[in-house]
Structure formats: C-alpha cells, structure tokens
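Below is one structure, written out as structure tokens; comments come after it.
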Amino acid sequence: MELLGLYNYWAFAVVLMTGLYAVITKGNLIKKLIGLSIFQSAVFLLYITMNKVDGGTAPIVQKGVADQVFSNPLPQVLILTAIVVGISTTALGLAIVIRIKESYGTIEEHEVQNLDHDL
C-alpha cells in the first residue's frame, strides 16, 4: 500500500485533529460541543472505512455456493448505535449550556469559571 492510497486514514486524521483542536482551544461552550461532534464524526469515518472488503458481498449464506468473501456488518451496526448516542450527548450538552447561560449569563468558559470563583 502506498502512503497516498490510504486517503481515508488521512481524512480521518484531519477531521479528528480539527475536532480535537476545537475542543481544546475554543472558550465558547457551543463551539466545544461542535468540536466534540466533529471528533465523533471522525471516529465514525474510521470505523466505516475500515470495514470495506474488496470483493466482499452481504453475509447471506446460500446453498451450493462456497468460498465467498463476506463483508462484516457489525461496524455499521455499532456506528448506528454510536450516532444515536452522539446525538443524545450533543442534545444533553446543549441543554446544559442553556442552563449555564441562564445561571451565569454567559457561555464563555473562562467567564463562567471566574464567576464561579467569585461566589
């Protein structure tokens, strides 16, 4: 395999680092949640692209057919579950950000920490 032929891994790395950068460097809590969602999407991309089997078919066993190469459906099932959990986590995070905004009047992380230390 040549290095540039692994474009899915390069795309995974770029998207993953973009999400990680947003989570670490941004002070706005909404931007942090968006970065977390981007990070999760990179993991989904990695799992889905790893499952591709050249010449693989759906895992349906037929009578009289031998030596078939099958693709594993388990990563897609796991990613569907992870997507639901990711959406739920994002919705919960947004609800918490709304409560923080109501309590502190801001969604900037450093301002919330300063207000919290003053109490």
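What number of residues within the range 66-119 are surrounded by fewer than 12 Cβ atoms within 10 Å (Cβ to Cβ) and modelled with pLDDT under 90?
10
In the list V65, V85, which residue meets the criterion of being among the aliphatic types (A, V, I, L, M) and within 26 Å of I30 (Cβ to Cβ)?
Details: V65 fails: within 26 Å of I30 (Cβ to Cβ).
Answer to the check: V85.
So T49 passes all but one of these: (1) surrounded by 13 or more Cβ atoms within 10 Å (Cβ to Cβ); (2) over 29 Å from I107 (Cα atoms); (3) in contact with a Leu (Cβ under 9 Å, 6 or more places away or on another chain). Which condition number does it fail?
Here T49 clears every test but (3).
Under the condition of being of a type in the set (F, W, Y) and either within 14 Å of the chain's Cα centre (by Cα) or under 30 Å from K101 (Cβ atoms) (or both), which residue from the range 1-55 is modelled with the lowest pLDDT?
In the first step, residues of the range 1-55 are kept if they are of a type in the set (F, W, Y); the result is 7, 9-10, 12, 21, 39, 44, 47.
Subset that is either within 14 Å of the chain's Cα centre (by Cα) or under 30 Å from K101 (Cβ atoms) (or both): 12, 21, 39, 44, 47.
Working: F12: 91, Y21: 97, F39: 95, F44: 90, Y47: 85.
Residue satisfying both the conditions and the ranking: Y47.
Under 6 Å between Cβ atoms, at least 6 apart or on separate chains: pull out the pairs that start in the range 92-119 with a residue that is in contact (Cβ under 8 Å) with a residue 24 or more places away in the chain and end on any residue that is of a type in the set (V, I, T) and not in a helix (DSSP H, G or I).
Note: pairs meeting the criteria are V97/I107.
So, in the range 44-70, exactly how many residues are under 21 Å from Y9 (Cβ atoms), outside any helix (DSSP H, G or I) and either in contact (Cβ under 8 Å) with a residue 24 or more places away in the chain or polar (S, T, N, Q) (or both)?
The total comes to 1.
In the range 21-30, what count of residues is obtained for those that are free of Cβ contacts under 8 Å to residues at least 60 places away in the same chain and either in contact with a helix residue (DSSP H, G or I) (Cβ under 6 Å, 6 or more places away or on another chain) or among the acidic types (D, E) (or both)?
3
Being among the small types (G, A, S) and farther than 16 Å from I87 by Cβ is the filter here; which residues of the range 14-34 pass it? If you could, list the steps in order and put the result at the bottom.
Going through the range 14-34, the residues among the small types (G, A, S) turn out to be 19, 22, 27.
Answer for the range 14-34, where residues must be among the small types (G, A, S) and farther than 16 Å from I87 by Cβ: A22, G27.
Quick check: is even one residue across the range 71-83 in contact (Cβ under 8 Å) with a residue 40 or more places away in the chain and assigned to a helix (DSSP H, G or I)? Before you say what the answer is, go through the steps one by one.
Here is the first cut: in the range 71-83, the residues in contact (Cβ under 8 Å) with a residue 40 or more places away in the chain are 82.
After this cut, where a residue has to be assigned to a helix (DSSP H, G or I) as well, the list is 82.
Yes, some residue in the range 71-83 is in contact (Cβ under 8 Å) with a residue 40 or more places away in the chain and assigned to a helix (DSSP H, G or I).
The values are calculated or read from the model by the stated rules, or taken from the named source; none is laboratory data. Everything numeric here is computed off the predicted structure, so don't read it as measured data. No Cβ is skipped: glycine too gets one built from the backbone with ideal geometry, and neighbour counts run over all protein chains shown.
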